[in-house]
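Report on one structure; see the data block that follows.
The values are calculated or read from the model by the stated rules, or taken from the named source; none is laboratory data. This structure is a prediction, so every number in the text was calculated from the model and none was measured. Neighbour counts are summed over all protein chains in view; Cβ atoms, including those assigned to glycine, are modelled from backbone coordinates with ideal geometry. All accessible areas refer to the heavy atoms of the entire protein, side chains included, with ligands and DNA or RNA removed. Shrake-Rupley method; radii C 1.70, N 1.55, O 1.52, S 1.80 Å.
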Amino acid sequence: MQNATSTETSPTTFIRYSDSVEVKKPDEDKVFDDIAAAMHRLNLLMYDRYRHAIRSVHAKSHGLLRGQVTVHDNLPEPLRQGLFAAPATYPAILRLSTNPGDLLADSISTPRGMAIKVIGVTGEVLPTHAPNVTQDFVLADGKAFGSPDAAGFLGAQRLIEKNANDPEFLKKIVSFTARGVNAALGVVGQHSPSLEQLGRPETHILGETFYSAVPLRYGDYIAKIRVAPASPNLKELVNKHLNAKFHYSALRDAVVEFFKTQSAEWEIGVQLCADLASMPIEDASKEWPEDISPYRPVAHLTVGPQDAYSPRRRVYVDDILSFNPWHALAAHRPLGNIMRARFKAYQVSSSFRHEMNDRAAVEPRSIDDLPD
């Protein structure tokens, strides 16, 4: 097993988990219902467009991978929690995607995502996930969430719903314009987070660093998760331009080409909550300061050469599997208002997708369930 390389930490440095760290908003159940309803309307719209049900977020996949998560040994006590409590190697399924609930051309800049399904976990799982043996981590390429809470996300979702039928060329114009405006703002030391979401540069998806953005329980503590390029060939792809101007599937094809011959390794790190004022649980838009608590490595994720997007694998991962932060060990229960909103929203979206595509939802019990 690989040794941990993080600085030794003291348990007294970090906030201990307790139920009291979450503070439920008075109207949040109504907001959660409204989010689920808005996402369902988007599901219906996309089903009518494609005659096939797709995810209401992260609909377009770009890489479907078989890998393994290896937990480091000699971790200090605060890092030795839950899935990472002891040295072990677990098989995993990875799905690389882009954020919209629509199958947009890759020339339209949108946030990217990585979902990881770890298989064969032991220990208590959340009651809603029993009797499964999987732990999901749902990650995006931003350190914090775009809205502070579910009410803010609902406003953004309504805007997406309102513009869902905009012609694709208009979406491309918005994307290109946003890139140019943000570049101009960067010259004077400013930027727009909203434009940043629309106008990200065309870069290779395998060079991205992915974050949970919102917190989860980390055994006796609280943490965010990060997955960052570790092998030299991935580091070479950080900020590497990828021309997608006239290419609908540039990201997928780049991933497939890479894994024809190459292996990859990412570092899995955790950022432990050390101060609830500057590292809040309920405000998902706050980036946790790394000078107070840096990300510390706890495991590495490796993927070998393979067919990263075979037809059988696409059907299995895109139509049958679901990736959900509530597919979790009790030791990694999602925390905060946004995570609580995801419980119903993901459930509604997944049920619709499986019903309309006539595919039963399945949680793998072995990596052999993943087709080649």
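Odds and ends about this structure:
- GNM flexibility winner over the chain from Arg312, Arg55, Arg217 (Cα, springs under 10 Å): Arg312
- Out-of-range pairs (alpha-carbon distance over 21 Å; input Lys60/Lys117; Lys24/Lys143; Lys143/Lys224; Lys224/Lys286): Lys24/Lys143
- Ligands, DNA and RNA aside, Asp149 has an accessible area near 30 Å² when probed at 1.4 Å.
- Under 14 Å of direct C-alpha separation, and excluding same-chain neighbours fewer than eight residues apart, Lys30 reaches these aspartates and glutamates: Asp149.
- Expressed as a whole percent, the accessible area of the chain that falls on carbon and sulfur atoms is 54 (1.4 Å probe).
- Shape call, segment 274-372: gyration tensor on alpha carbons, a/c limit 1.5: oblate
- Within the chain, helices built from complete DSSP H runs that reach 24 Å or longer along their own axis (Cα positions) and carry a mean Kyte-Doolittle hydropathy of 0.0 or higher are 168-187.
- Computed label-point distance, nm, for sites Ala330 and Val362 using a 7 Å Cα→Cβ extension: 3.0 nm
- Against the rule of thumb 2.2 N^0.38 Å, how large the Cα Rg of segment 27-127 comes out: 1.44
- The chain, helix-only ellipticity at 222 nm - DSSP H runs n ≥ 4, -39,500 (n - 2.57), divided by all residues, nearest 500: -8500 deg cm²/dmol
- Computed over all pairs of different Cα atoms, the Kirkwood value for the hydrodynamic radius of the chain is 21.1 Å.
- Counting charges near His300 (Lys, Arg +1; Asp, Glu -1) among other residues having Cβ under 9 Å from its Cβ returns a value of -2.
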